[in-house]
Amino acid sequence: MKSQLFETLFSKGFLVQRPSETKLGPLGVLMKHNVVNEWIRSSVNGVANVMMLEDETNVKPVLPVPSGFGIYREVREGKEDPADKKRNNWPLDGVRQNAVMRIEFFCPNRALLEWSQFWMRKRIRWWKKFSIAPLHFTSSDISTNEKEPTIQYQFPWGAELIERMDVGKSGKEGEKIVLRTDLLRVLQVLCIESFKEATAPAAAATFRLDPRVAPMKLAADFRREGLFTVTHRQPVSEFDHWDLVGVPMVVVLDGACLQNGILHVRNRDARILSPVHLSHVHDHVMRYFRVYFNKTII
């Protein structure tokens, strides 16, 4: 799997190789921004008492905190485990610094267990909502008073920690919960999770990225008249490029569309072309995306 996946990541622009290290390419940067937006949407916008601050801002709540108060920052941290590069040979493991999504949440002593459980439920559900196989994610049991609850993911080579939550004192009358999400780790999990390698000559590889994190949501495929014949199930070779960059939907226009107003919308996962009149394309596409983007914030 790794060889096909890595070849796709580099050839399609998710990653680029620099003289000193591997960096995110154009599609990788777009995907990272989508991940950040979804993280903020869930863990900041979805919680009334969490506020966003710049990294250099120094703010501490006045304790005791009545119920709970959180501060979100995006910070840059050094890699924690350089041995990952030797163990799993993931291209981005050699990056010396990475953006980390971080929340410091302050609460009174009596509410520590309640808030710890709240945040662990929210974080594990966030990971699972993008997943094709949510059972691959497991979390610690908060009721055991563990000081560093973790979330693990079952990679093809074994289970590894992908996120942890630090729980500790914040003075005599309060507790502090620290959430840390490594953005490169998220991209690693999403790429491995969603990549379906080619298992036969007739079945091309596909990136089944969740539309909320896919770098491109919709593509237009223009074809000259006479070169495109619509069938109910189009050969996979027609859409290899779009499948390998994770585009959920492709709108196909050919010469006949100019005469009858009928174009075709292709669903990546169903691999089916649906004839749609030009006047109904917007509604057809939006019905698909509303399933994902109108879900309850978790």
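The values are calculated or read from the model by the stated rules, or taken from the named source; none is laboratory data. These numbers come from a predicted model, not from an experiment. Every residue, glycine among them, receives a Cβ derived from its backbone with ideal geometry; neighbour counts consider all protein chains shown. When the accessible area is computed, the model is the full protein with side chains, heavy atoms only, and any ligands, DNA or RNA have been set aside. Shrake-Rupley method; radii C 1.70, N 1.55, O 1.52, S 1.80 Å.
Applying the criterion of being part of a loop (DSSP other than H, G, I, E, B) and free of Cβ contacts under 8 Å to residues at least 60 places away in the same chain to the residues of the range 248-298, the residue that is nearest to the chain's Cα centre (by Cα) is P248. For the range 47-58, filtered to residues that are among the hydrophobic types (A, V, I, L, M, F, W, C) and open to solvent by 50 Å² or more (accessible area, probe 1.4 Å), the residue that is modelled with the lowest pLDDT is A48. Note on the range 1-34: residues that are of a type in the set (F, W, Y), surrounded by fewer than 19 Cβ atoms within 10 Å (Cβ to Cβ) and not in a helix (DSSP H, G or I) total 0. Take the residues of the range 122-167 that are basic (K, R) and in contact with a helix residue (DSSP H, G or I) (Cβ under 9 Å, 6 or more places away or on another chain): which is least open to solvent (accessible area, probe 1.4 Å)? Across the range 122-167, the extreme among qualifying residues is R123.
Screening L92 on (1) within 30 Å of G158 (Cβ to Cβ); (2) surrounded by 14 or more Cβ atoms within 10 Å (Cβ to Cβ); (3) modelled with pLDDT under 75; (4) more than 19 Å from the chain's Cα centre (by Cα) shows it passes everything except condition (4). With respect to (1) modelled with pLDDT of 85 or more; (2) surrounded by fewer than 15 Cβ atoms within 10 Å (Cβ to Cβ); (3) among the aliphatic types (A, V, I, L, M); (4) closer than 29 Å to E38 by Cβ, the lone exception for V291 is condition (1).
A quick yes/no check of all residues on (1) at pLDDT 90 or above; (2) assigned to a loop (DSSP other than H, G, I, E, B); (3) over 21 Å from G168 (Cβ atoms):
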| position | (1), (2), (3) |
| --- | --- |
| N45 | no, yes, yes |
| P61 | no, yes, no |
| P64 | no, yes, no |
| R73 | no, no, no |
| R121 | yes, no, no |
| R125 | yes, no, yes |
| L135 | yes, no, yes |
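Which residue is farthest from R223 (Cα to Cα), if the candidates are limited to the range 245-261 and must be touching a strand residue (DSSP E or B) at 6+ places or on another chain (Cβ under 6 Å) and modelled with pLDDT of 90 or more? Residue satisfying both the conditions and the ranking: G246.
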